[in-house]
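Structure first, commentary second.
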Amino acid sequence: IALSADAWYESLQETEAERRHLTSLHEDLAQTTSQLQGLQRGRDRIEQSLLGLLEADLSDEPVDSVSAWIDTGLFRLVFFEPHVAAMRDLEASGEIGLLPPEVRLGVAELEQQLAVFEGAMDDLRDAQVEHVDPYLVSRLPLAPLLASSDGLAIAERLPATPDWSSLETVQARSLMAYKLSLLKVISTYGTGLATEIERLTLLVDARLNEL
């Protein structure tokens, strides 16, 4: 009887630990989904601004419109901080074996998708820092642009008809196209990541309903 009671108590503890891990995992997945949706919205804004710079006749566009495109398309990046505390806790505690095989597999696949996505994010950041930013600093009238877009207390302002020729060079257009291509990669990987998160969420929720 004592052995049966011990086994029952141990099983109860394992069930509670599993429920705790699954609940934390569900919360992390929901927060990561929200982060990913915000990133995609920011990515879309950057993409539309770059397309504006590439496709429009800048001399015919309002100065404020071009300045906004420059600010969003050329200066801005998107950032992503997935919530992975639950997965790290599973690894640290050694209790991942408490989860069903399909959930364990889903966690492993999500880890892989996150690594791929974060690699694409690193590529975008490196391109910005190593190529786009140096061009902007050396070729654009940053003082009036920053005063306009960021509201800095700088007296210098853009003229009524700015010279946008530095945005129409082969180098500038190549940099914009390159940044666009990296954003497309992020969008593709982001869609795959969102699908994987949704699939794992369904598995986690199904198991929670069983407990």
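The values are calculated or read from the model by the stated rules, or taken from the named source; none is laboratory data. From a predicted model like this one, the values you see are computed outputs, not experimental measurements. No Cβ is skipped: glycine too gets one built from the backbone with ideal geometry, and neighbour counts run over all protein chains shown. Calculation scope for accessible area: heavy atoms of the full protein, side chains included, ligands and nucleic acids excluded. Shrake-Rupley method; radii C 1.70, N 1.55, O 1.52, S 1.80 Å.
Do we find a residue being in contact with a Leu (Cβ under 9 Å, 6 or more places away or on another chain), closer than 21 Å to TYR189 by Cβ and either part of a helix (DSSP H, G or I) or β-branched (Val, Ile, Thr) (or both) anywhere in region 1-23? Checked against the condition, which is being in contact with a Leu (Cβ under 9 Å, 6 or more places away or on another chain), closer than 21 Å to TYR189 by Cβ and either part of a helix (DSSP H, G or I) or β-branched (Val, Ile, Thr) (or both), region 1-23 yields no hits at all.
Any residue at all in region 66-88 that is of a type outside the set (Val, Ile, Thr), loosely packed, with under 14 Cβ neighbours inside 10 Å, more than 20 Å from the chain's Cα centre (by Cα) and at negative phi? Checked against the condition, which is being of a type outside the set (Val, Ile, Thr), loosely packed, with under 14 Cβ neighbours inside 10 Å, more than 20 Å from the chain's Cα centre (by Cα) and at negative phi, region 66-88 yields no hits at all.
Within region 113-125, one or more residues are open to solvent by less than 50 Å² (accessible area, probe 1.4 Å), touching a residue at least 40 places away in the same chain (Cβ under 8 Å) and of a type in the set (Phe, Trp, Tyr). Report whether or not ALA177 is under 20 Å from ARG43 (Cα atoms), out of contact with any Lys or Arg (no Cβ under 9 Å at 6 or more places or on another chain) and loosely packed, with under 13 Cβ neighbours inside 10 Å. When the stated conditions are applied, ALA177 passes them. Residues being among the charged types (D, E, K, R) and under 20 Å from THR201 (Cα atoms) are represented in region 78-87 by at least one member.
Of all residues in region 126-151, those being surrounded by 14 or more Cβ atoms within 10 Å (Cβ to Cβ) and modelled with pLDDT of 95 or more number 4. For region 97-106, filtering for residues that are open to solvent by 10 Å² or more (accessible area, probe 1.4 Å) and in contact (Cβ under 8 Å) with a residue 24 or more places away in the chain leaves 3.
Yes or no: region 76-97 includes at least one residue that is closer than 30 Å to THR161 by Cβ, of a type outside the set (Gly, Ala, Ser) and in a helix (DSSP H, G or I). Scanning region 76-97 turns up no residue that is closer than 30 Å to THR161 by Cβ, of a type outside the set (Gly, Ala, Ser) and in a helix (DSSP H, G or I).
Of all positions in region 65-73, at least one carries a residue that is under 30 Å from TYR135 (Cβ atoms), touching a residue at least 24 places away in the same chain (Cβ under 8 Å), out of contact with any Lys or Arg (no Cβ under 7 Å at 6 or more places or on another chain) and polar (S, T, N, Q).
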